[in-house]
Amino acid sequence: RPRPGRPSLIDEATIQKVLTLTTERIPHESTHWSVQLMSKYAEISTWQVRQIWKAFDLKPHRIKTFKISNDPDFAEKVVDIVGLYMNPPTNAVVLSVDEKSQIQALDRTQPGLPLSPGKIGSRTHDYKRNGTVCLYTAFNVLTGEVTGKVTDNQRSKEFLSFLKQIEKKTPEGYELHVILDNLSAHKTPDVMKWVNKKPHLHFHFTPTSSSWLNAVEGWFAQLERRSLYRGVFTSVKELKDEIYRFISVHNRELAKPFKWVKSAKSIIASVERAKKLLPN
């Protein structure tokens with residue numbers, strides 16, 4: 001309910017001072033502004049600082065990461081891949097392919113404490129490494145189903161073997177479009193020689209520094225969050241079994257068509273705006 005008395009007012013000079021400090025200066029005591037530091041520098045209350053930041057949607061305590069691709073063919077590749085997502089060709093299978101390397105089989109040094117009313121679950125901060133594996137994954141854009149192969153090494157040999165596996169699963173008479181990044185193992189002479197013998201197989205490389213354009217990255221995030229992050233694995237075999245189990249559950253219960261909603265034109269325009277904001 002409204003409180004009695006005259007409402008607090010923040011004059012324009014104070015607002016402008018806080019905005020200038022927030023966007024153009026950095027405090028000596030820190031790399032970014034906090035409510036307490038701004039209150040000290042602007043000589044106002046912490047409540048006033050919060051009100052001004054809220055009104056102008058300023059969040060100096062947060063930071064996001066980004067990387068603008070320097071690929072000279074960025075626009076063409078974006079149009080190509082977004083086109084496959086939003087308007088795939090008929091009689092074709094579109095797969096988003098990538099590998100998740102160095103997946104660690106981690107075991108905690110002590111058993112964790114269980115979740116209970118009023119107390120969150122907990123685990124030790126340290127762990128034991130019991131080996132690593134590499135997961136090759138093909139994400140079907142139309143169905144959302146995943147084909148995976150877990151290997152002990154990450155080489156072009158394993159990648160080529162996985163390509164042969166997904167190529168055999170492609171229905172006869174269908175084109176196979178594979179979206180993948182620019183890892184050197186994807187472009188070795190042995191790989192390209194085999195691909196050139198398959199006229200129905202087409203590679204579509206994402207622009208450099210643009211892994212976000214590869215749909216399978218979203219599935220990798222699900223795997224990490226739902227299966228690996230809290231997992232306890234005493235051996236590499238346990239880790240492999242869990243990955244295959246998660247793939248099976250995903251394909252049976254969670255798979256759904258992938259929908260890309262942002263047009264190539266809007267992506268290219270957004271990148272161009274970001275380039276203009278970068279210092280020369």
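Each reported figure results from applying straightforward, stated rules to the coordinates on display, with no laboratory input. Here the structure is a predicted model, which means the values were calculated and not measured. Positions of Cβ are backbone-derived with ideal geometry, glycine not excepted, and every protein chain shown enters the neighbour counts.
Computed on the chain, with alpha-carbon pairs under 8 angstrom and 6+ residues apart, the relative contact order is 22 percent. Simple spin-label estimate for residue 123 and residue 241 gives 1.7 nm between the two label positions (7 Å along the Cα-to-Cβ direction from each Cα). Only one item in [x] 7, 26, 26, 19, 13, 6, 3, 1, 0; [y] 5, 20, 22, 20, 18, 10, 4, 1, 0; [z] 7, 28, 34, 22, 8, 2, 0, 0 matches P(r) over Cα pairs in 10 Å bins from 0, in percent derived from the coordinates shown, and that item is [y]. Net length available on complete extension from residue 164 to residue 229 is 20.3 nm, with 0.36 nm assigned per residue and the Cα-Cα distance removed. Among 55, 75, 264, the largest mean-square fluctuation in a Gaussian network model of the chain, built with springs joining Cα atoms closer than 10 Å, belongs to 55. Computed from the C-beta positions of residue 91 and residue 194 and an R0 of 22 Å, the FRET efficiency is 0.45 to the nearest 0.05. For the chain, the longest principal axis of the alpha carbon atoms and the long axis of helix 264-277 meet at an angle near 50°.
Evaluated at q = 0.09, 0.19 Å⁻¹, the base-10 log of the normalised Debye intensity for region 94-244, with identical point scatterers placed on the Cα atoms, takes the values -0.36, -1.17. Round to the nearest 10 and give me the degree value, 0 to 90, for the angle of helix 12-24's Cα axis relative to the longest principal axis of the chain. For helix 12-24, the angle is close to 40 degrees.
Overall size of region 12-56 from C-alpha positions, given as principal axis extents largest first: 25, 18, 17 Å. In plain terms, the chain from residue 102 to residue 43 could stretch by 16.2 nm, reckoned as 0.36 nm per residue minus the Cα-Cα distance. If you line up the long axis of helix 74-86 against the longest principal axis of the chain, both from Cα atoms, how many degrees apart are they, to the nearest 10? Here the helix axis deviates by roughly 70 degrees. Residues considered: 209, 184, 122. Largest GNM mean-square fluctuation over the chain, using C-alpha springs under 10 Å, is found at 122. Enumerate the aspartates and glutamates that residue 265 could reach by cross-link, defined here as Cα to Cα under 18 Å, with residues fewer than 8 away along the same chain left out. Reachable aspartates and glutamates: 71, 73, 76, 80. Along the charge dipole of region 12-56, Cβ charges K/R +1 and D/E -1, which of 56, 30, 42 sits furthest on the positive end? The residue sitting most towards the positive pole is 56.
Here the spin labels are modelled as points 7 Å beyond Cα on the Cα-Cβ line, and at residue 115 and residue 277 they lie 3.7 nm apart. Using only side-chain charges placed at the Cβ, +1 for Lys and Arg and -1 for Asp and Glu, the dipole size of region 12-56 relative to its Cα centre rounds to 120 debye.
Each Lys and Arg Cβ is given +1 and each Asp and Glu Cβ -1; about its Cα centre, the chain then shows a dipole of about 800 debye.
In the chain, the DSSP beta bridges split such that about 65 percent are antiparallel, to the nearest 5. Extension gain, residue 182 to residue 16: 0.36 nm times the residue separation minus the Cα-Cα distance gives 55.1 nm. By the helix-only formula, in which each DSSP H run with n ≥ 4 contributes -39500 (n - 2.57) and the sum is divided by residues, the chain has a 222 nm mean residue ellipticity of -11000 deg cm²/dmol.
Considering only 175, 238, 99, the Gaussian network model of the chain with Cα springs below 10 Å gives its largest mean-square fluctuation to 238.
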